[in-house]
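The values are calculated or read from the model by the stated rules, or taken from the named source; none is laboratory data. In this text the structure is predicted, and so the values were computed from the model without any measurement. Quick reminder, even Gly has a Cβ in these numbers, built from the backbone with ideal geometry, and neighbours come from all protein chains shown. In case anyone asks, the SASA skips ligands and DNA or RNA and just uses the protein heavy atoms, side chains included. Shrake-Rupley method; radii C 1.70, N 1.55, O 1.52, S 1.80 Å.
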Amino acid sequence: MIIYILKRVLSLIPVLFVVSIAIFLIVHLTPGDPAATILGIEATQEQIEELNEQMGLNLPLYQQYIQWVSGVLQGDFGQSYFMKESVTEAIWSHLGPTASLAILAEIVALVIAIPIGIFAAYRRGTAVDQSLMGVSLIGMAVPSFLLALLLMLFVGVYLQWLPVAGYKPLSKGLWEHFQYLILPAISLGAIQAALVARMTRASMLEVLDANFIKTARSKGVYEYKVVLKHALRNAFLPILTVIGQSFGTLVTGAVVVETVFNIPGLGQLIINSIVRRDFAVIQGVVLFVSLIYVTINLIIDLLYGIVDPRVRLERK
């Protein structure tokens, strides 16, 4: 198991190397001069060149990349040009809202999706199955920003059950914290719930036709045990993959929802940094989110090996 883990961790190095180059080039090859943005329209060319030199932006591109990667390897993502603080501090101060939103959205997605997927598979071909899959199809088709606006209008403005927008940290109280995240979490988690429900149904359908399920039923095992213990356990590997990918998508996809609900998370940080052309923050946040995505996939791979030891043997 240790060798399997080491191999999986080492396989991430070339992935992260390519990702870091892509992020650096995309940010630096985008038209515009951050020094001119910082100094404003009244700045002279000499002042702009002097600031570019101070920030190291007049160096050849490969030297800027080496300096940036060297800093990242030491835990230094650079300095924000506008916020007058390190990128690491900016990321940590905005990570809490995004993490809370992503976790709550994942919980919403799983609580809705897995029972629906199991029930639809169990009642396959019936009107219930077709209705549930029709609803999941609608869930996949509706963009998160549109659902967010509809929820804000109906639940927040018309019914006045929950706040329309804003954010309260956990230190202000559990209910104060979550009441601002419920609508954003539903908006963000709806698409993932639809995906997980359809995958759960498909995986359960394959297993429910297997011989060991027929054998369990012929032995008189209770139906709920056949479905929940025997079928769901064996159908869980593909579902686990979708859950892992959906959580990564929730973290990276929170940008739009955070902007709509005015949540001060990583999404809002990166939007503001793009507007200001704050290179260091854009690079740092995108790389940090990429690291989260890659780490989640690594954890899913490792869970594969734990849930099904045949996976470890196949990859040796």
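Going by the conditions given, is Asn272 of a type in the set (S, T, N, Q) and over 16 Å from the mean Cα position of the chain (by Cα)? Walk me through how you get there before you give the answer.
Numbers: of a type in the set (S, T, N, Q): yes; over 16 Å from the mean Cα position of the chain (by Cα): yes.
The answer is yes for Asn272.
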Scan the stretch 70-114 residue by residue and report those that are small (Gly, Ala, Ser), open to solvent by less than 30 Å² (accessible area, probe 1.4 Å) and within 19 Å of Leu16 (Cβ to Cβ). Gly71, Gly78
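List the helices (runs of 4 or more DSSP H) inside the stretch 85-154, counting only whole elements, that have at least 1 residues being closer than 30 Å to Glu206 by Cβ, at pLDDT below 90 and touching a Lys or Arg at 6+ places or on another chain (Cβ under 7 Å). Break it down stepwise before answering.
Working: elements: 87-122, 127-141, 144-151.
Once the helices (runs of 4 or more DSSP H) in the stretch 85-154 are filtered for at least 1 residues that are closer than 30 Å to Glu206 by Cβ, at pLDDT below 90 and touching a Lys or Arg at 6+ places or on another chain (Cβ under 7 Å), what remains is 127-141.
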Please state which one of Asn262, Asn272 is among the polar types (S, T, N, Q) and at positive phi. Asn262
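What residue, of Ile274, Ile299, is open to solvent by 30 Å² or more (accessible area, probe 1.4 Å) and within 24 Å of Met55 (Cα to Cα)? Spell out how you get there, then give the answer.
Values: Ile299 fails: within 24 Å of Met55 (Cα to Cα).
Of Ile274, Ile299, the one residue that is open to solvent by 30 Å² or more (accessible area, probe 1.4 Å) and within 24 Å of Met55 (Cα to Cα) is Ile274.
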Which of the residues spanning the stretch 195-216 are surrounded by 15 or more Cβ atoms within 10 Å (Cβ to Cβ) and among the basic types (Lys, Arg)? Arg198, Arg201
Starting from residues that are touching a Leu at 6+ places or on another chain (Cβ under 9 Å) and of a type outside the set (Phe, Trp, Tyr), keep the ones in the stretch 54-76 and report whichever is modelled with the lowest pLDDT. Leu57
Checked the stretch 147-194 for anything in contact with a His (Cβ under 6 Å, 6 or more places away or on another chain) and either touching a residue at least 24 places away in the same chain (Cβ under 8 Å) or over 16 Å from Glu258 (Cβ atoms) (or both); matches are Leu170
Can you find a residue in the stretch 171-187 that is farther than 30 Å from Asn297 by Cβ and of a type in the set (Gly, Ala, Ser)? yes
Which listed residue, of Leu16, Leu29, Leu25, is open to solvent by 100 Å² or more (accessible area, probe 1.4 Å) and either within 28 Å of the chain's Cα centre (by Cα) or modelled with pLDDT of 90 or more (or both): Leu29
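If you check Ser144 against the conditions, is it within 21 Å of Asn262 (Cβ to Cβ), buried (at least 20 other Cβ atoms within 10 Å of the Cβ) and not β-branched (Val, Ile, Thr)?
Yes: the conditions hold for Ser144.
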Would you please list the contacts, defined by Cβ atoms under 7 Å and residues six or more apart or on different chains, that run from a residue in the stretch 33-56 that is within 10 Å of Tyr81 (Cβ to Cβ) to a residue that is of a type in the set (Gly, Ala, Ser)? Leu51/Ala35; Met55/Ala35
Name the single residue that is farthest from Ile21 (Cα to Cα) among those in the stretch 41-69 being among the polar types (S, T, N, Q) and open to solvent by 50 Å² or more (accessible area, probe 1.4 Å). Thr44
